[in-house]
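Any read-out appearing in this document is the output of simple, stated calculations on the displayed coordinates, not a laboratory observation. A quick note: this is a predicted structure, and the numbers were derived from the prediction, not measured. Using ideal geometry, Cβ is built from the backbone for each residue, glycine included, and neighbour counts are taken over all protein chains shown.
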Amino acid sequence: MRLSTYNFLTSKAIKGVKVGFPLKLTIAKQDVVESEFNPTFIERLLPRLDWSGIRLAAEVAGLNDDIPAELPANVAENEELLKKLHHLLLEIDVLEGQLECPETGRVFPITDGIPNMLLNEDEV
Amino acid sequence: MACIKLKKLEEYLHGVDTFEKPKIKLEQYITPPHIASCVLYNIQTLYGDIEGKYVGDLGCGSGMLSIGSFLLGAGMTTGFEIDDDALNIFQTNVTDMELPGIDCVLCDVLTLSNNEKWENAFDTIVTNPPFGTKNNSGIDMLFVQTGVNLASRAVYSFHKSSTRDYIHKKVKDWNVKGNVVAELKYNIDTSYSFHKSKSVDINVDFWRFDVSEKNL
C-alpha cells in the first residue's frame with residue numbers, strides 16, 4: 001500500500017462512525033520501490049490529499065524531518081520538497097501493518113501490501 | 001515515460017496472470033490482453049487520459065487494466081477489488097513485472113462513494129464491471145456511477161451492446177456525456193462450465209464518459 005492511497009482511506013463505512021479519518025497507521029514491514037519522478041504529477045495530486053494525513057504517514061514511515069508542518073505556498077517551485085513527497089507518497093510500500101479506525105478501534109489489516117477494507121454485514 | 005508501442009503493450013499484457021478459478025457470483029472473466037491493450041492505447045492516443053494521470057480501476061481483478069494503464073505512463077494507478085484471491089494474483093503480477101506505482105485495495109467498489117475522500121481523487125477511472133447477468137441486474141451502471149463520482153475527467157467502461165440506449169438515457173441524468181468508442185466482440189470461452197458451447201461471442205461496447213460537467 002502506497003502512502004498516497006493511505007491518504008484517501010477512511011472507516012466511515014462503519015455504522016456510527018462520523019469521520020473515520022485519519023486512520024491510525026502502523027507499519028510492521030515496508031519496502032521502497034523506486035519510480036520515475038514526475039513533479040507535475042505530484043503537484044497535481046497534492047490538492048486532493050490531506051496534509052495532516054501526509055504528516056502522519058511521514059511520522060510513521062520515519063521521514064518526518066522531510067515534511068514541513070504546513071504545506072508551503074510555493075510548493076511547485078520547491079523541487080526538493082516535491083522529490084521528498086514523491087518518495088514518501090509513491091515509493092514507500094507498506095507490506096505488513098494495520099490501519100485503525102480512530103473512533104471505534106476497528107483494525108483493518110495490511111497483508112502482502114494489500115489493505116483489507118472489507119466490513120462484515122453487521123458493521124455497516 | 002514515452003508512450004510504448006501497441007504491440008509491446010499487448011506482449012506485456014499477455015504475461016499478466018489471470019484468475020485461477022473464476023467465481024460465477026462475481027461474474028469474473030478477464031479482459032482479454034488484446035482488447036485491453038487496444039482500448040487502453042486508444043484512451044491515451046485519442047484522449048490523453050492516461051499518461052501522467054492518476055488512474056483508478058474498479059473491479060480490477062488480477063490487474064489487466066491497472067497494469068496496462070501504468071505501462072502507458074499513468075503517474076499512479078489504484079485498483080479496487082472485492083475478491084482477495086484475485087488481488088493476490090494482482091500483487092504477484094505487479095511484483096513479477098517489477099512495476100512501481102501500482103496499488104490495490106481490498107474493498108467493495110459499491111461502498112466507495114460513501115467516502116467523500118475518493119470524490120474526484122482520480123483523473124481517469126477504467127472499469128470492466130460485472131455485466132449484471134447473474135441476478136445482479138444494473139450492477140454495471142452502479143460501477144459507472146461510482147466511477148463518475150471518483151473521476152474528474154473521464155470514465156471508461158465495457159457494457160453489453162444490448163444496453164446501449166438505456167446507458168445513453170441513464171448518464172444524461174448525471175449530466176455526463178457518453179459515447180461508444182469501440183464495438184467489440186468478447187469471447188468468453190470455457191471460463192465457466194455452464195457455458196454450453198465451447199466459446200461464446202457477445203457484443204460489447206467500450207464507452208467513454210466525459211464527467212467534466214457531472215452532476216450526480
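For B:Asp103, the residues whose amide H sits under 5 Å from its own are B:Thr77, B:Thr78, B:Gly79, ignoring neighbours fewer than 5 places away on the same chain, with H placed 1.01 Å from N. Which whole-number percent is the relative contact order of chain B (Cα, under 8 Å, 6+ apart)? Contact order relative to length: 17 percent. Rounded to whole numbers, the Karplus 3J(HN,Hα) couplings from phi for region B:45-60 are 6, 7, 10, x, 8, 10, 4, x, 9, 8, 10, x, 10, 8, x, 6 Hz, using 6.51 cos²θ - 1.76 cosθ + 1.60 with θ = phi - 60°, and x at Gly and Pro. Using R0 = 51 Å, the C-beta based FRET efficiency linking A:Thr104 and A:Val75 works out to 0.90.
In chain B, excluding the sites themselves, the longest stretch lacking any of the GluC sites (Glu not before Pro) that are in a DSSP loop with at most 11 other Cβ atoms within 10 Å is B:99-212.
Partner lysines whose Cα lies under 29 Å from the Cα of B:Lys7, excluding those fewer than 8 positions away in the same chain, are identified as B:Lys21, B:Lys53, B:Lys160, B:Lys185, B:Lys198. Relative to the longest principal axis of the Cα atoms of chain A, helix A:51-60 runs at roughly 80 degrees. Applying the Karplus relation 6.51 cos²θ - 1.76 cosθ + 1.60 with θ = phi - 60° to region A:34-49 yields 3J(HN,Hα) values of 5, 9, 5, 7, 10, x, 4, 5, 4, 4, 6, 6, 3, x, 8, 9 Hz, where x marks Gly and Pro. Rounded to whole numbers, the Karplus 3J(HN,Hα) couplings from phi for region B:180-186 are 7, 7, 8, 9, 10, 10, 9 Hz, using 6.51 cos²θ - 1.76 cosθ + 1.60 with θ = phi - 60°, and x at Gly and Pro. Considering only A:Ile114, A:Ile54, A:Ile67, give the residue with the highest GNM mean-square fluctuation for chain A, with springs between Cα atoms whenever their separation is below 10 Å. Checking each option, the largest mean-square fluctuation is seen for A:Ile114. Take every pair of alpha-carbon atoms less than 8 Å apart whose residues are at least six positions apart; their mean separation over the length of region A:3-117 yields a relative contact order of 36 percent.
Shielding of peptide B:97-106 by partners, expressed as the average count of other chain Cβ atoms within 10 Å per residue Cβ, is 6.
Highest GNM mean-square fluctuation among A:Ser11, A:Ser52, A:Ser35, for chain A modelled with Cα contacts below 10 Å: A:Ser35.
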